[in-house]
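Here, each number is a calculation from the coordinates, and none is a lab measurement. Because the structure is predicted, anything quoted here is derived from the model rather than measured. Counting neighbours? That spans all protein chains shown, and the Cβs are built from the backbone with ideal geometry, glycine included.
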Amino acid sequence: MKKDFLRSLMAIMIAMTISVGFVSCNDDDDNGSNGVDNASALTGIIDQESGLRLKSFSSRELHYSNNGVLESVTASYDNMEDQFTFDYPANKIIETWKYSDGKTGSQIYSVKYNNQGYITVFDTDYEEEGYASTEKNSFNYDSEGHMSSCSLYGVIDRIKDGERLYLDWNLKVTFDWKDGLLHYLTFDGEETENETKSSVFYKYKYSYEADFPNKYKQWGIYQGFPTVGDSYFFLPFIGLMGIGPDRLPSSMTYIDKDNQEDPDHKWNFRFTFNEDGSLATMAGFVFSYEYANGNGGTRLAAPSVMAVKEETGFSPEHRHARLFGGVPVTGKE
């Protein structure tokens with residue numbers, strides 16, 4: 001386990017492809033009763049005008065019901081295939097999973113949306129033998145639909161091989177936007193690992209030297225964006241967490257608590273796009289999209305991109321392959 005727990009937690013690769021129509025919204029409107037219901041928020045459509053709908057990302061394929069609501073996700077990795085299905089009672093999402101080795105389980109999430117369909121509250125509790133977790137997460141957006149801040153709280157209590165690991169975190173993340181571009185993420189909070197308590201403060205700076213136009217206001221995969229449990233594999237892809245920048249960043253640099261840039265922690269990004277302008281690849285991840293047509297069917301955006309190897313080196317284990325779920329505790333350096 002990394003010593004700097006929250007830094008490693010928040011630096012996990014997150015994949016985001018988001019766009020919902022520009023409807024006026026402010027921070028006071030976050031948890032209003034006029035928000036959309038769960039089913040209408042989980043359609044996978046990332047651009048209302050064109051009907052651009054996410055079909056797959058990386059090694060995960062999304063499946064929709066006849067009325068266009070996300071029904072299941074298939075995740076394939078390391079010659080294994082896991083299945084996740086979803087139900088949507090009022091103000092909740094129920095996730096049921098079946099792993100390739102036959103193990104099954106389910107979890108209930110309490111959710112709220114604003115009038116744009118963006119998630120403002122995402123809470124859950126989970127418990128199994130030797131493992132318990134709690135998460136309380138809230139999200140705010142500016143009038144243009146960008147995420148302006150989020151608060152992330154969680155606890156993990158795990159016993160493995162007779163040893164106890166206790167983690168908790170309470171983090172505020174602030175997004176600094178200017179002229180439609182994300183320039184900084186600031187992380188400020190506290191953490192506990194077993195008996196050790198510490199404070200956390202750092203930033204990520206985004207630069208835009210290269211020209212990567214972002215026609216559908218999608219998020220590319222790049223380090224730094226705060227995760228919500230394991231949902232960096234799922235939620236942000238389907239239009240639930242605000243619009244992305246007008247252009248995708250060409251690099252990201254870590255800034256320490258003394259406001260000093262660390263040249264040894266700078267990431268350069270590259271993107272390719274489909275002919276329609278949608279995101280095709282980012283640093284080895286493959287995305288594909290489909291459009292809804294007037295008959296309710298779909299067609300792939302053209303051209304299809306050639307498959308390329310994922311370059312993150314992250315292969316989730318069973319509990320951590322979950323699409324929602326607790327904070328990943330992989331011990332991966």
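For the peptides 112-122, 69-79, residues were scored by their other Cβ atoms within 10 Å and the scores averaged per peptide; the highest-first order is 112-122, 69-79. Derived scalar couplings between HN and Hα for segment 109-122 equal 10, 8, 9, 9, 10, 9, 5, 7, x, 7, 5, 10, 9, 8 Hz in order, rounded to whole Hz, by the Karplus curve 6.51 cos²θ - 1.76 cosθ + 1.60 (θ = phi - 60°), x for Gly and Pro. When each of the peptides 145-151, 86-92 is scored by the mean number of other C-beta atoms lying within 10 Å of its residues, the order from highest to lowest reads 145-151, 86-92. Here the Karplus curve 6.51 cos²θ - 1.76 cosθ + 1.60, taken at θ = phi - 60°, turns the phi angles of segment 57-71 into couplings of 8, 6, 9, 10, 10, 9, 10, 10, 6, 4, 9, x, 9, 4, 10 Hz, with x standing for Gly and Pro. For segment 67-131, evaluate the Debye formula with one uniform point scatterer on each Cα (no solvent term) and list log10 I(q)/I(0) at q = 0.15, 0.23, 0.24, 0.26 Å⁻¹, rounded to two decimals. The Cα Debye sum returns log10 ratios of -0.61, -1.09, -1.12, -1.18. For the pair LYS103 and ASP264, the difference between a 0.36 nm per residue extended length and the Cα-Cα distance amounts to 53.8 nm. For segment 85-91, backbone phi angles converted through the Karplus equation (6.51, -1.76, 1.60; θ = phi - 60°) give residue-by-residue couplings of 10, 9, 10, 9, x, 4, 6 Hz, Gly and Pro being listed as x.
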